[in-house]
Amino acid sequence: MEKDYKEYEAKNEDLRDSEGALNEETPSPIETVSETFEDIDIGVIQHFTAIPDYKQPTDSKYPILVKTPLGHFCIDGWNLLEEAKANGNTILRCAVDELVDHSEEELPLRKASVRVRPRGGIASYAEVVRNTKYLEQILLTSDKDYRVLYHGGARKGTAFVNNRQDNVVAVLSERFGKSPKTINQYLNHGRFLNDEALRFLVDREARKDFFEAAQPNKMWKITSLTSQRFSNADITAQISNHMLMWYEQFLQSKKLKPWSDIPESLRAEQNNDHVEPSQETILKETQERVQRETVQDEFHPWEGNPVGDEDDSLKKIKEDVDELSRRLHDAVLIEDPNQFCQALIKEDSQFHLLSLRAATFKNALRTTTDSGKEVSQWAD
C-alpha cells in the first residue's frame, strides 16, 4: 500500500501546486464527503492495521470503511468480514465514509477515534446530565421489559433485579458506555433541577467542575429542606433557583462559598473523588444542625410549629409514623430478599427523618418554661 500511496502522491503533486491553496468551496482532503451504506465485494476490502483492532468486537451492525482513491479500508468491524467469509458470503453491507483524498495520517486518526469520539459529536456535560435525568423519568414510567432496552437484547451475565431504579441505571450504563457509578453521578447532579434550570445550564454549557463545586451546597440544602418536610416541588424550585445563582458566582471566582453551617466533615467527604456523602453522614450532620437551631418563643407543638414555608406538628409526625409502620408491615410480606432489603433501607432513612423532626420539638420543649420551670407539652 505504501508504494501505491507514493505513486498517488506523485501523480497529484503537480495538480495541487497548480490549484494553489484550498478555497472555501474545495472539500478538505480529510473531510467526509458522503456517508452511505453499500454492498461491497469482500475481496476488495483492505484490513487497515497501522492502528491495531480493538480487543472487543464492534457494536456496529456493519463494518465501518473509509473509501479513498486507493480503495476501501476497514477501520472497525473486521470480525464481521471474517464471519461473512466463513459463511461463504462474497458481498457484505458496510457503512462507508468517503474522502476525496488519501491520507496516511487521517486513516489511523479515524480508526483510533471511532470508539472514542461519537459520530454525532460530543455533548456538553450539562446536556448529558439533562438527558440522563429525562431518560430516568421515561424509563421509570415505561412498562417495557428493560432487557429489551439493553443494547442488543438480553446478554449473558446481565443481572436485572426487581428494583426498577437499579435496572434503569443498568440500561443507561450499557447504552452510555459508562459505569453505574458515573450514571448515578449524572442523576445526582440533575436531581431536583427543573426544566428552566436545566435549559439555563445547557445554554451556558456548564461544565462538570461547576456541578461538582455546587454539589456540597446542593446536597446540604436538599437535606435541610427534606428534614423540614418541604414537598418535592418546593425543593425543586428552591434548588433550581440556587443553582442559577451558584453558576453566576462560580463564573466570577471558579469556586462557591459554602453554606455557613455546612460542617467541614461533610464537605471533605463530598470532595473525596466527588462521591456523594453517605446517608449516615447527611443524617448525622442534619441532626446536629437541628439541635443547634433556635426555636421560636411561642411554641405550640400540636397545632403546628412554623418551619420554612410549611407547618409541622407532633400530630403530623404521629400520622407519618403510623404510615411508616404500615409500610414496614407490607415490607415483611416481601419474599424476594433483595427487594426486601431495598425496602428496609429506604424506610430506615424515612425513620431517621422522622426522628430529626421529633428532635426539633424535643429541643424546643426543653426551652419552654412556665414560671421558669420546664413543662411537658407532650400530652394530648
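At-a-glance table
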item	result
Residue pairs meeting the criteria (Cβ under 9 Å; at least 6 apart or on separate chains; first more than 22 Å from Ile40 (Cα to Cα), in the range 98-125; second surrounded by 14 or more Cβ atoms within 10 Å (Cβ to Cβ) and acidic (Asp, Glu))	Arg115/Asp76
Enumerated helices (runs of 4 or more DSSP H) restricted to the range 123-194, each holding at least 1 residues that are in contact with a Gly (Cβ under 7 Å, 6 or more places away or on another chain) and at pLDDT 95 or above	125-140
Top-ranked residue of the range 76-122 - restricted to ones that are part of a strand (DSSP E or B) and surrounded by fewer than 15 Cβ atoms within 10 Å (Cβ to Cβ), ranked as farthest from the chain's Cα centre (by Cα)	Ile91
Candidates Tyr134, Tyr125, Tyr62 - the one that is of a type in the set (Phe, Trp, Tyr) and in contact with a Leu (Cβ under 8 Å, 6 or more places away or on another chain)	Tyr62
Test for Ser240: is it modelled with pLDDT of 80 or more, touching a strand residue (DSSP E or B) at 6+ places or on another chain (Cβ under 9 Å) and closer than 30 Å to Arg199 by Cα	no
Long-range neighbours under 7 Å by Cβ, at least six apart or interchain, first residue under 14 Å from Asp203 (Cβ atoms) within the range 239-257, second not basic (Lys, Arg)	Met243/Leu193; Met243/Ala197; Met243/Ala214; Leu244/Ala197; Leu244/Phe200; Tyr247/Leu201; Tyr247/Ala206; Tyr247/Phe210
Residue within the range 138-151 that is among the aromatic types (Phe, Trp, Tyr) and free of Cβ contacts under 8 Å to residues at least 40 places away in the same chain present	yes
Filter result (under 16 Å from Lys254 (Cα atoms) and within 16 Å of the chain's Cα centre (by Cα)) within the range 176-212	Leu201, Glu205, Ala206, Arg207, Lys208, Asp209, Phe210, Phe211, Glu212
Hey, Val375 exposed (fewer than 12 other Cβ atoms within 10 Å of the Cβ), in contact with a helix residue (DSSP H, G or I) (Cβ under 9 Å, 6 or more places away or on another chain), modelled with pLDDT under 70 and more than 30 Å from Asn167 (Cα to Cα) or not	yes
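The values are calculated or read from the model by the stated rules, or taken from the named source; none is laboratory data. Note that this is a predicted model, so its numbers are computed, not measured. Note that each Cβ is placed from the backbone with ideal geometry, even for glycine, and that neighbours are counted across all protein chains shown.
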